[in-house]
Amino acid sequence: MLLMGLMIWCCIVCPLFVVVSFLLLRWWVHRRKAVLLPHLKDEDTTVVVGFFHPYCNAGGGGERVLWCAIRAIQKKYPHVKCLVYTGDQGVTGKEVINRARQRFNIIIEKPVEFVFLTRRMWVEASTWPYFTLLGQSVGSLFIAWEAMMTYVPDIYIDSMGYAFSIPMFKYLGGCRVACYVHYPTISTDMLTKVLQRKETYNNRQFISRSPVLSQLKLLYYHMFAYAYGVAGKRCDVIMVNSSWTKGHILHLWQTGEKNNYCLSPM
């Protein structure tokens with residue numbers, strides 16, 4: 001009877017503790033929001049859009065989409081201010097803007113706020129030689145937390161594919177959230193290659209030759225794909241770069257056709 005009583009007590013108290021802890025943490029984050037980077041909210045009508053893009057100075061296709069999006073927002077919505085969370089070090093915001101102009105011929109006429117994050121190593125592939133997908137996704141939570149502790153925007157856009165950061169900004173930060181998926185973190189093609197036991201970039205030889213290891217990796221991929229879908233499904237708006245990506249996101253996130261929009265860099 002004593003053991004049964006303890007089990008019932010734990011079943012009641014533990015969920016209550018989790019809920020209360022979450023509400024207190026959310027309250028604390030919202031309380032901090034009022035004092036972080038106050039110059040961004042110089043007027044009550046100002047809306048701050050934060051782009052989570054740890055490699056904004058890389059100069060690739062994803063970065064072209066980022067700067068096209070910022071330019072379009074600034075032209076269409078004068079009351080909106082754009083902020084970029086980046087892990088780039090040793091550069092200034094002005095230098096990043098100048099590189100975007102030189103690389104893509106994209107001119108950003110209005111100021112952009114930059115938050116320079118210091119924990120980008122947690123999303124580096126080299127940090128996670130094994131279980132890379134899981135490691136980088138967990139690492140994205142560390143860098144996303146650092147970003148949220150620096151500033152909580154009104155609208156949060158994950159523009160680099162770190163879907164696991166989305167629930168944090170939505171539920172703790174109270175933001176409207178969106179994402180742009182240039183390439184899904186995991187795809188059905190990756191699952192198929194492991195299932196067929198093909199040696200490839202994501203399936204090492206010693207795994208592909210072992211039926212047991214192949215089944216274990218397939219289980220790992222399915223569990224990760226499920227978690228990836230749960231996180232990504234929290235988005236209010238989902239943008240993709242191609243019909244191929246859209247197909248994979250529809251399959252993995254199960255969001256429904258109406259929530260997905262194709263976006264091509266101009």
Of the candidates 180, 156, the one satisfying the condition of being at pLDDT below 95, outside any loop (DSSP other than H, G, I, E, B), closer than 30 Å to residue 112 by Cα and under 10 Å from the mean Cα position of the chain (by Cα) is 180
Any residue in region 10-25 that is within 14 Å of residue 172 (Cβ to Cβ) sitting within a Cβ distance under 9 Å of a residue that is among the aliphatic types (A, V, I, L, M)? List the pairs, counting only those 6 or more apart or interchain. 22/172; 25/172
Among the candidates 65, 115, residue that is modelled with pLDDT of 95 or more and β-branched (Val, Ile, Thr): 115
Would you pick out the residues in region 159-171 that are in a helix (DSSP H, G or I) and not hydrophobic (A, V, I, L, M, F, W, C)? 165, 167, 170, 171
Residues being closer than 10 Å to residue 52 by Cα, among the aromatic types (Phe, Trp, Tyr) and open to solvent by less than 10 Å² (accessible area, probe 1.4 Å): count how many of those fall in region 119-173. 1
Has region 85-97 got any residue that is part of a strand (DSSP E or B) and either free of Cβ contacts under 8 Å to residues at least 12 places away in the same chain or out of contact with any helix residue (DSSP H, G or I) (no Cβ under 6 Å at 6 or more places or on another chain) (or both)? yes
Hey, residue 82 in contact (Cβ under 8 Å) with a residue 40 or more places away in the chain, open to solvent by less than 70 Å² (accessible area, probe 1.4 Å) and under 22 Å from residue 166 (Cβ atoms) or not: no
Within region 243-266, restricting attention to residues that are polar (S, T, N, Q) and open to solvent by 40 Å² or more (accessible area, probe 1.4 Å), which residue is modelled with the lowest pLDDT? 264
Filter result (assigned to a helix (DSSP H, G or I) and touching a His at 6+ places or on another chain (Cβ under 9 Å)) within region 183-199: 188, 189, 191
All but one of (1) touching an Asp or Glu at 6+ places or on another chain (Cβ under 8 Å); (2) surrounded by 14 or more Cβ atoms within 10 Å (Cβ to Cβ); (3) more than 30 Å from residue 69 (Cα to Cα) hold for residue 180, so report the exception by its number. (3)
The one condition in (1) of a type in the set (D, E, K, R); (2) touching a Ser or Thr at 6+ places or on another chain (Cβ under 7 Å); (3) more than 15 Å from residue 155 (Cα to Cα) that residue 42 fails to fulfil: (2)
Look through region 183-199, keep the residues that are open to solvent by less than 40 Å² (accessible area, probe 1.4 Å) and either more than 21 Å from the chain's Cα centre (by Cα) or acidic (Asp, Glu) (or both), and return whichever of them is farthest from residue 236 (Cα to Cα). 194
Kindly establish whether residue 174 is under 29 Å from residue 31 (Cβ atoms), in a loop (DSSP other than H, G, I, E, B) and touching a residue at least 12 places away in the same chain (Cβ under 8 Å). yes
Any residue at all in region 62-69 that's surrounded by 13 or more Cβ atoms within 10 Å (Cβ to Cβ) and of a type in the set (D, E, K, R)? yes
Hey, can you tell me all the residues within region 99-152 that are β-branched (Val, Ile, Thr), assigned to a loop (DSSP other than H, G, I, E, B) and farther than 18 Å from residue 57 by Cα? 152
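The values are calculated or read from the model by the stated rules, or taken from the named source; none is laboratory data. In this text the structure is predicted, and so the values were computed from the model without any measurement. Because the Cβ atoms are built from the backbone with ideal geometry, glycine has one as well, and the counts that use them run over all protein chains shown. Accessible surface areas use protein heavy atoms only, side chains included; no ligands, DNA or RNA. Shrake-Rupley method; radii C 1.70, N 1.55, O 1.52, S 1.80 Å.
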